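Read through the structure below, which is laid out as structure tokens, and then see the notes.
The values are calculated or read from the model by the stated rules, or taken from the named source; none is laboratory data. Model, not experiment: these values are computed from the prediction. Don't worry about glycine lacking a Cβ; one is built from the backbone with ideal geometry, like all the others, and counts go over all protein chains shown.
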Amino acid sequence: MKTVYQTTVKAVGGRDGQVSSEDGVLTLDVRVPQSMGGPAGSFTNPEQLFAAGYAACFDSALNLVARQQKLKINSTVSATVGLQMTDPTNFNLAVELAVQIEGTDKATAQALLEKAHATCPYSKAIHNNVQVNLQLID
């Protein structure tokens, strides 16, 4: 297998720290969300970062499968990532991908959505580990 890209991001301080990429492009303060007792302010958290990466990756996979079928589409992917607590020391993620696809009929859009889910590296990485709900929106 050939690695076509890799990167390294360092985290210091966990949910009350900072993340930074090796190339310096990404440097963010990370805090516990206010809804979980964290401070108010302009901070990110691991769930937001995962949602951003998953949405971008899924949209790329969607456009790849459309191009492979010689279809020209416009798409938007919104990823909602939830942190679920099963007991005080056990947490899980749940994901909802709301996908809008313009430029094709609904049946073709649904088929593209499912093919993208089978193609996206994020989807494959969390397959059978994280509940992912796919929603095709008008």
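Structural remarks
- Any hit, segment 108-120, residues being touching a helix residue (DSSP H, G or I) at 6+ places or on another chain (Cβ under 9 Å), within 26 Å of Asp16 (Cβ to Cβ) and not assigned by TED's automatic domain parsing to the domain that holds Thr8: no
- Residues being of a type in the set (Asp, Glu), in a strand (DSSP E or B) and touching a strand residue (DSSP E or B) at 6+ places or on another chain (Cβ under 8 Å) - total across segment 87-124: 2
- One residue from Leu112, Leu136 being over 12 Å from the mean Cα position of the chain (by Cα), surrounded by 18 or more Cβ atoms within 10 Å (Cβ to Cβ) and modelled with pLDDT of 95 or more: Leu112
- Segment 78-90, subset touching a residue at least 12 places away in the same chain (Cβ under 8 Å) and more than 23 Å from Gln6 (Cα to Cα), residue surrounded by the most Cβ atoms within 10 Å (Cβ to Cβ): Val81
- Inside segment 7-22, residues that are in a strand (DSSP E or B) and among the β-branched types (Val, Ile, Thr) make up a count of 3.
- Residues in segment 60-74 include at least one that is out of contact with any helix residue (DSSP H, G or I) (no Cβ under 7 Å at 6 or more places or on another chain) and among the small types (Gly, Ala, Ser).
Residue by residue, here is whether (1) at positive phi; (2) part of a loop (DSSP other than H, G, I, E, B); (3) without any contact (Cβ under 8 Å) to a residue 40 or more places away in the chain holds:
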position	(1), (2), (3)
Val4	no, yes, yes
Gly24	yes, yes, yes
Asp29	no, no, yes
Ser35	no, no, yes
Leu49	no, no, yes
Gly53	no, no, no
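- Single residue of Ser123, Ser35, Ser75, Ser42 found to be small (Gly, Ala, Ser), under 29 Å from Ala11 (Cα atoms) and surrounded by 17 or more Cβ atoms within 10 Å (Cβ to Cβ): Ser123
- Residue check, Ala66 assigned to a helix (DSSP H, G or I) and within 30 Å of Met36 (Cα to Cα): no
- Hits in segment 55-77 - residues which are in contact (Cβ under 8 Å) with a residue 12 or more places away in the chain and over 17 Å from the mean Cα position of the chain (by Cα): Val65, Ala66, Gln69, Leu71, Lys72, Ile73, Asn74
- Considering segment 9-54, the residues that are aromatic (Phe, Trp, Tyr) and within 17 Å of the chain's Cα centre (by Cα) include one that is farthest from Met85 (Cα to Cα), namely Tyr54.
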